Amino acid sequence: MNTAGTFRAAVVRTPAGPDSIEIIDVPVVEPGPGEVRVGVAAAPVNPTDLGVVSGFFHDLGMIDQPEHTGLGWDFAGTVLATGPGVDLAVGTRVAGVVLGFDRDFGTYAEQLVVPATDLAVVPDGLDLVTAATVPLSGLSAAQILDMLGDAPADGDRLLVIGAAGAIGAGVAALAPDRGWRVTGLAKAADEQFVRGLGADFVTAVEPGWDAVVDATPQQTWGLKPVRDGGVFVGVRPNIVPAVERGITVNVLMVRSDGPRLGQLLALAAAGRLPTRVHAVLPLDRAADAHRAMAEGGARGRYVLEP
C-alpha cells in the first residue's frame, strides 16, 4: 500500500473487456461521521463485474461516470480509521458490500470508506479471503428467502436453478430452515456438491414446482417450471417475467444489511453457509481474473488481494 496519501484501485474508463482495467492511484479519504476506512485484504470477482468491464451496464444507461468507474462489490479487511460515532477498534476484521453500479470507487482497491452500518465483524476461525465471498452472495440468498417466506405445509417443494453457484448454493443450504424441501438444478458434474448441501438433485427442468428460485443470470426458463399459483424469484431486475397463471413474481434487489451479514458470516464460520474460493490473485492481475472467470467452468470465486 502506498504511504504518500494515495492508494491503488482498479477502475475502467472506457469499458472494453478485461484489457480496459487500469490500476490508478486514488487520494486517501478520511472517514466522516458514521463511516469507517477499511484496508481491503480480499475482494471477489463477481459476474456483475464482468458486465461492468464489458460495458453492458453502461449500454443500459446504468453507469455514467465522468472519469472512471470503480470495480468490485464485496470485501473483507481490517479497520484503519473510524469517524465520529463509530464503535469499532482499529484492527478489527470486518466484511461488507458496496452496492450500485454508477460509482467511481469499488472494492478492487487497497482501501475504501464505507458506512459502519454496512459492515459486520468477521468471526474468529474465518479467514478474510473466505469472508470476502460471503457479503454479496450471502445477503442475496438470505433476501431471496425473505421473499419466499416460510414454506406452506401444502406447497413446500422448491427448485433452485443454478444451485451450484454462489447465490443458488446459499439458497439451497438455508431454505430448509424455512421449511422448504429443496431440489437443486445444476450440471451433472455438480451433483455431489449440491447433494452435500442437503438438497435433492436434477439436471433438467420439469414443471409443477411450488416455488422456483432462478439464481442464474440467463433466466432461461422463466415461469415454465412454476405451478399455477406458485412463486418465482429471479436475480435479474432487467429480466422480469410477465405475471401469468396466478404466479407471484419477485426479483432480487439486494440491500446492504450489516447485522444480517454478521449472522451469515457466523453461518459460514460454522460450515452451514457454503463458501468456495477457486483462486487468489494480486490486484495487478484483475484482468487475468476477469478473463479466467469469463471462460467459465470455475467452481468458486476468483479473489483479488490488494
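Among the numbered conditions (1) touching a residue at least 40 places away in the same chain (Cβ under 8 Å); (2) closer than 19 Å to residue 130 by Cα, the only one that residue 298 does not meet is (1). Among the residues of the range 98-127, just one is modelled with pLDDT of 95 or more, part of a loop (DSSP other than H, G, I, E, B) and of a type in the set (Gly, Ala, Ser), namely 106. May I ask you to list pairs of residues, at least six apart or on different chains, whose Cβ atoms are under 7 Å apart, with the first in the range 118-130 being over 21 Å from residue 300 (Cβ atoms) and the second being basic (Lys, Arg)? Pairs found: 121/93. When 177, 190 are checked against the criterion of being within 25 Å of residue 297 (Cβ to Cβ), assigned by TED's automatic domain parsing to the domain that holds residue 143 and outside any loop (DSSP other than H, G, I, E, B), a single residue qualifies: 190. One residue alone among 218, 263 is at pLDDT below 95 and surrounded by fewer than 20 Cβ atoms within 10 Å (Cβ to Cβ), and that residue is 218.
Here's the yes/no breakdown for (1) modelled with pLDDT under 95; (2) in contact with a helix residue (DSSP H, G or I) (Cβ under 7 Å, 6 or more places away or on another chain):
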residue	(1), (2)
16	no, no
22	no, no
45	no, yes
62	yes, no
73	no, yes
96	no, yes
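Scanning the range 16-48 for residues that are in contact with a strand residue (DSSP E or B) (Cβ under 7 Å, 6 or more places away or on another chain) and in a helix (DSSP H, G or I) gives a single hit, 20. Answer yes or no as to whether residue 93 is among the basic types (Lys, Arg) and either over 22 Å from residue 5 (Cβ atoms) or buried (at least 19 other Cβ atoms within 10 Å of the Cβ) (or both). Spelling it out, residue 93 is indeed among the basic types (Lys, Arg) and either over 22 Å from residue 5 (Cβ atoms) or buried (at least 19 other Cβ atoms within 10 Å of the Cβ) (or both).
The values are calculated or read from the model by the stated rules, or taken from the named source; none is laboratory data. Values in this document were obtained by computation on a predicted structure and should not be read as measured data. Cβ: placed from backbone, ideal geometry, glycine included. Neighbour counts: every protein chain shown.
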